[in-house]
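**Student:** Got a structure for you, questions after.
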Number of protein chains: 2
Amino acid sequence: MTTQRRSRKEAILQVATEHFARHGFHGATLSAIAEAVGLTEPGLLYYFPSKVELLQGVLDYRDQADKSKYMAILEQDKISLFSALQDLVNVNQERPGLVQLFTVMVGESINPEHPSHDFFVQRYRALRKTMVDFFKTAAVSEGYRTDVDLEQLVVLIIAVLDGLQIQWLLDPGQVEMTTGFALFTRLVETYLEKEPSD
Amino acid sequence: MTTQRRSRKEAILQVATEHFARHGFHGATLSAIAEAVGLTEPGLLYYFPSKVELLQGVLDYRDQADKSKYMAILEQDKISLFSALQDLVNVNQERPGLVQLFTVMVGESINPEHPSHDFFVQRYRALRKTMVDFFKTAAVSEGYRTDVDLEQLVVLIIAVLDGLQIQWLLDPGQVEMTTGFALFTRLVETYLEKEPSD
């Protein structure tokens, strides 16, 4: 991909992120996104052949941006994995539009016939793999107990992130994601630091 | 409500549960449900004025049935709250159709304009309240540490249940709800049994 094409694609994704977050999937229109980025609608469709693919591009773009950000911090060993995740939850609490978009989309995509089903299956597999790899390193350097199934632990962490989003989006006045995740971190850390007893 | 009307309503809910679980919300039809229960479609609409209300009835019926079952066991003090929840997860792993219906519906209902939005807001509030009340009793009888925010703990437990369902429904070959929840129980119990340190 040429640099020009890549930067045009990135400009589209940035504008589309704003539009989807503000208007939702059904409210956002390809024509408005195209116009905001200085393209015709057929010009936009050259980069993303459909609205669903554009939305997947947006979600993937956010995932990659988050991943790059936290990988850089984690590799410099400045913070723990749980501090990075807590930071992600704090950031998400400030971007409800995007979180809502993601949560509604995941719910719909559970149906195997949904056009984004495979996208989300692959997304979760990749996310679990990245996190398991990180934990394997952390488990040694932090001296975690050795009887923990890291694959299961990662499934659980992602479950907490997703599940907190559901309750928070439904009832933001009653549910806080940030304090919920902080409690979860205490549960996990207490467990990981304890000696295996059985 | 007369006994006859109540039993008719229950018969509709049982049939509708099967139809929604097998065909999904869009695939299930009011005419087929009406026919299976020996009613005309207008006859069915007398009990549930719309398809959305029928589905809410189904989800509420499942919630109430689960609640009655576990309340009865818990009140006899035969098992702990976490054993009851583990049993619920085990049962859910055997009814993917119903779990999928619920998960897709919750995702859609996050949008404040969705006809089931308020239903789910109230459902989660009631569920949190029931569980907090139980935990308050358990906290004393089981001697849990006293510095735990039970409201947050309950938010977290429900988040884990919902989040595990998402990953399991998307990728049943790679994710197991039952082992995931068992690990979560160990995390919580380890934490609750520990003395407060700060």
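**Student:** I need the phi-derived Karplus couplings for the stretch B:150-161: 6.51 cos²θ - 1.76 cosθ + 1.60, θ = phi - 60°, integer Hz, Gly and Pro marked x.
**Tutor:** 5, 4, 5, 4, 5, 4, 5, 4, 5, 4, 4, 4
**Student:** Relative contact order for chain B using alpha-carbon pairs under 8 Å, separation at least 6, rounded to a whole percent?
**Tutor:** Working: 126 pairs, mean separation 37.6, N = 198.
Relative contact order comes out at 19 percent.
**Student:** Another question, if that's okay. Which one of B:Val99, B:Ala72, B:Leu13 is farthest out on the positive end of the charge dipole of chain B, using unit charges on Cβ (Lys, Arg +1; Asp, Glu -1) and the Cα centre as origin?
**Tutor:** B:Leu13
**Student:** Taking the Cα centre as origin and putting +1 on Lys and Arg beta-carbons and -1 on Asp and Glu beta-carbons, what dipole magnitude results for the stretch A:80-198, to the nearest 20 debye? Before the final figure, lay out the partial values.
**Tutor:** Working: 9 positive and 17 negative charges, 46 e Å.
The calculation lands at about 220 debye.
**Student:** For the stretch B:1-57, take N as its residue count and report Rg(C-alpha) divided by 2.2 N^0.38 Å. Don't skip to the answer; put the middle values down first.
**Tutor:** Working: Rg = 10.4 Å, N = 57, 2.2 N^0.38 = 10.2 Å.
Taking the Cα Rg and dividing by 2.2 N^0.38 Å, one obtains 1.01.
**Student:** Let me cross-check B:Arg123: its accessible surface, 1.4 Å probe, with only protein heavy atoms counted, in Å² to the nearest 10?
**Tutor:** Its heavy atoms expose roughly 40 Å² to the probe.
**Student:** Quick check for you: with a 1.4 Å probe and neighbouring chains kept, what is the accessible area per residue of the stretch B:80-198, in Å²? Please list the in-between numbers first.
**Tutor:** Details: 4910 Å² over 119 residues.
That works out to 41 Å² per residue.
**Student:** Right, something else. For chain A, what's the radius of gyration and Dmax over Cα atoms, in angstrom?
**Tutor:** Rg then Dmax for chain A, in Å: 18.9, 65.
**Student:** Output the relative contact order of the stretch A:1-56, whole-number percent, from Cα pairs under 8 angstrom with separation of 6+ residues.
**Tutor:** 33 percent
**Student:** Could I ask something else about it? Can you list, shortest first in nanometers, how far A:Ala11 lies from the same residue in the other copies, with each label 7 Å from Cα toward Cβ?
**Tutor:** 6.6
**Student:** Also, I was wondering about something else. State to the nearest 20 debye the size of the charge dipole of the stretch A:1-127 about its Cα centre, where the only charges are +1 on K and R beta carbons and -1 on D and E beta carbons.
**Tutor:** Values: 13 positive and 15 negative charges, 49 e Å.
With Lys and Arg at +1 and Asp and Glu at -1, about 240 debye.
**Student:** Of all GluC sites (Glu not before Pro) in the stretch A:1-110, which ones are in loop regions per DSSP and have a Cβ with at most 13 other Cβ atoms within 10 Å? Walk me through the numbers on the way to the answer.
**Tutor:** Values: sites: A:Glu10, A:Glu18, A:Glu35, A:Glu53, A:Glu75, A:Glu94, A:Glu108; in loops: A:Glu94.
Here the sparse-neighbourhood loop sites are A:Glu94.
**Student:** Something else about it: Compute the angle between helix B:81-93 and the longest alpha-carbon principal axis of chain B, please, reported from 0 to 90 degrees and rounded to the nearest 10.
**Tutor:** Computed tilt is about 40 degrees.
**Student:** Another question, if that's okay. Please give the total accessible area that chains A and B bury against each other, computed with a 1.4 Å probe and expressed in Å² to the nearest 100. Mind dumping the intermediate values first?
**Tutor:** Numbers: alone 11490 and 11480 Å², together 19040 Å².
That pair of chains buries around 3900 Å² in total.
**Student:** Here's something else I'd like to know. Inside 10 Å of the C-beta atoms of A:94-102, what's the mean count of C-beta atoms belonging to other chains?
**Tutor:** Details: counts 0, 0, 0, 0, 0, 1, 4, 1, 1.
Across the residues of A:94-102, the mean count of other-chain Cβ atoms within 10 Å is 1.
**Student:** Just to confirm the number: angle between the C-alpha axis of helix A:177-193 and the first principal axis of chain A, 0 to 90 degrees, nearest 10?
**Tutor:** 40 degrees
**Student:** Among B:Pro42, B:Val52, B:Gly24, which residue has its Cα furthest toward the positive end of the charge dipole of chain B, with +1 on Lys/Arg Cβ and -1 on Asp/Glu Cβ?
**Tutor:** B:Pro42
**Student:** How large is the dipole of the stretch B:1-57 about the Cα centre if only Lys and Arg carry +1 and Asp and Glu carry -1, each at its Cβ, rounded to the nearest 20 debye?
**Tutor:** On the way: 6 positive and 5 negative charges, 33 e Å.
Using only the charged Cβ atoms, the result is roughly 160 debye.
**Student:** Now, a different point. Looking at the axis that maps chain B onto chain A, which chain B residue has the closest Cβ, and how far off is it in Å, rounded to a whole number?
**Tutor:** Of all Cβ atoms in chain B, the one nearest the axis gives B:Gly107, 1.
**Student:** Across 10 Å bins from the origin, how do the percents of Cα pairs in the protein assembly as shown run, short distances first?
**Tutor:** 4, 20, 30, 25, 14, 6, 1, 0
**Student:** Now for a different question. Hey, what did the stretch B:114-198 get for relative contact order, percent, Cα under 8 Å, at least 6 apart?
**Tutor:** On the way: 35 pairs, mean separation 25.4, N = 85.
Computed over the stretch B:114-198, the figure is 30 percent.
**Student:** If you take every residue apart from A:Glu10 with its C-beta less than 15 Å away from the C-beta of A:Glu10, what net charge results, scoring Lys and Arg +1 and Asp and Glu -1? Spell out each step's value before the answer.
**Tutor:** Values: positive: A:Arg5, A:Arg6, A:Arg8, A:Lys9, A:Arg62; negative: A:Glu18, A:Asp60, A:Asp63.
Result for the local shell: +2.
**Student:** Related question: For chain B, find the longest principal axis of its Cα atoms and tell me its angle to the long axis of helix B:51-75, 0 to 90°, nearest 10.
**Tutor:** 40 degrees
The values are calculated or read from the model by the stated rules, or taken from the named source; none is laboratory data. Given the structure is predicted, the values throughout are model-derived calculations rather than measurements. Virtual Cβ from ideal backbone geometry, glycine too; neighbours counted across all protein chains shown. Protein only, heavy atoms only, side chains kept; ligands, DNA and RNA dropped before computing areas. Shrake-Rupley method; radii C 1.70, N 1.55, O 1.52, S 1.80 Å.
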